[in-house]
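The values are calculated or read from the model by the stated rules, or taken from the named source; none is laboratory data. Just so it is clear, the structure is predicted and the values come from calculations on it, not from any experiment. No Cβ is skipped: glycine too gets one built from the backbone with ideal geometry, and neighbour counts run over all protein chains shown. Note: accessible area is taken over every heavy atom of the protein model, side chains too, but ligands, DNA and RNA are not part of it. Shrake-Rupley method; radii C 1.70, N 1.55, O 1.52, S 1.80 Å.
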Amino acid sequence: AGSSTDPALVRRAQAAVDYMRYKNAVARSNAFIGLRLESGTLTQTDLLQIASDRAVADQYRTQFLNNASGETAVQEQLFTVDPKVTNASNLRDDILLAGSRNRTPTVSPNAWWLAAKGELDAMDAVEDRSFQDLVQIAQVQQDEARRDSTLYLSVLGIGVILAALTALAFGRSMSSRISRVSEQAHEIASERLPEVLDALSNPEVIAIDQ
């Protein structure tokens, strides 16, 4: 009855949403870095913006790991060591380091866009796994609900059958009692019938009785 609010299902749903937000935050941050590289400038304000975007992304990632299943968490850990991801992370560090030293980043815009795309492609696998977990546990909840419904209908059917049997037994008991009473009444009538006939054939007795 409480399957719709099962804690495991809620956690998986929250994990899927948090990872989607995490991925979107990373995508926005990567796009911002790419645009700054295209412009050829990277100011201190830009660095603060990048740091802020990464902090938000990391927050969503932490929330995701707190609610994700073990399989999805392992998938995410494998994601962090994916060559595409480590490449984007290394380029990001180089860009931030150059900006913090007031130097022009040596990373080209094309190299960054390619690395950023590879990172997001790798994130897709984790996102897909997260939603697969959600669908899987939802399917389990649905199957349990169906079994509960079947059990309810079975119990209801058994109750109807028991009620019918009880009514049948009661009806038979009443019929037996009525039959016994009828038989007793017939026996009593048969025993007293000669007395009644004698009384009818003797007017004096009838007169006296009257």
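Can you confirm whether residue 111 is at pLDDT 90 or above, under 16 Å from residue 27 (Cα atoms), in contact with a helix residue (DSSP H, G or I) (Cβ under 9 Å, 6 or more places away or on another chain) and crowded, with 20+ Cβ neighbours inside 10 Å? So residue 111 does not fit the description; no. Within the stretch 18-29, not a single residue is among the acidic types (Asp, Glu) and more than 22 Å from residue 132 (Cα to Cα). Of all residue pairs spaced 6 or more apart or on separate chains, those with beta-carbon atoms under 7 Å, a first member in the stretch 1-16 that is under 17 Å from residue 123 (Cα atoms) and modelled with pLDDT of 70 or more and a second member that is in a helix (DSSP H, G or I) and open to solvent by 70 Å² or more (accessible area, probe 1.4 Å) are 16/131. Every residue in the stretch 87-103 that is within 47 Å of the chain's Cα centre (by Cα), over 16 Å from residue 53 (Cβ atoms) and not aliphatic (A, V, I, L, M), please. Once the filter is applied, which keeps residues that are within 47 Å of the chain's Cα centre (by Cα), over 16 Å from residue 53 (Cβ atoms) and not aliphatic (A, V, I, L, M), the stretch 87-103 yields 87, 90, 94.
Of all residues in the stretch 99-124, those that are free of Cβ contacts under 8 Å to residues at least 24 places away in the same chain have Cβ atoms under 7 Å from Cβ atoms of residues that are buried (at least 18 other Cβ atoms within 10 Å of the Cβ) and not in a loop (DSSP other than H, G, I, E, B), 6 or more apart or on another chain, in 111/91.
Counting only residues that are closer than 16 Å to residue 20 by Cα and in a loop (DSSP other than H, G, I, E, B), the stretch 33-56 holds 0 of them. Count of the stretch 57-81 residues, restricted to those that are more than 16 Å from residue 124 (Cβ to Cβ), β-branched (Val, Ile, Thr) and in a helix (DSSP H, G or I), is 2. When the stretch 6-49 is filtered for residues that are surrounded by fewer than 17 Cβ atoms within 10 Å (Cβ to Cβ) and acidic (Asp, Glu), the ones remaining, listed by number, are 6, 38. State all residues of the stretch 70-88 that are modelled with pLDDT under 75 and open to solvent by less than 60 Å² (accessible area, probe 1.4 Å); if no residue qualifies, say none. Correct list: 70, 72, 73, 76, 79, 80.
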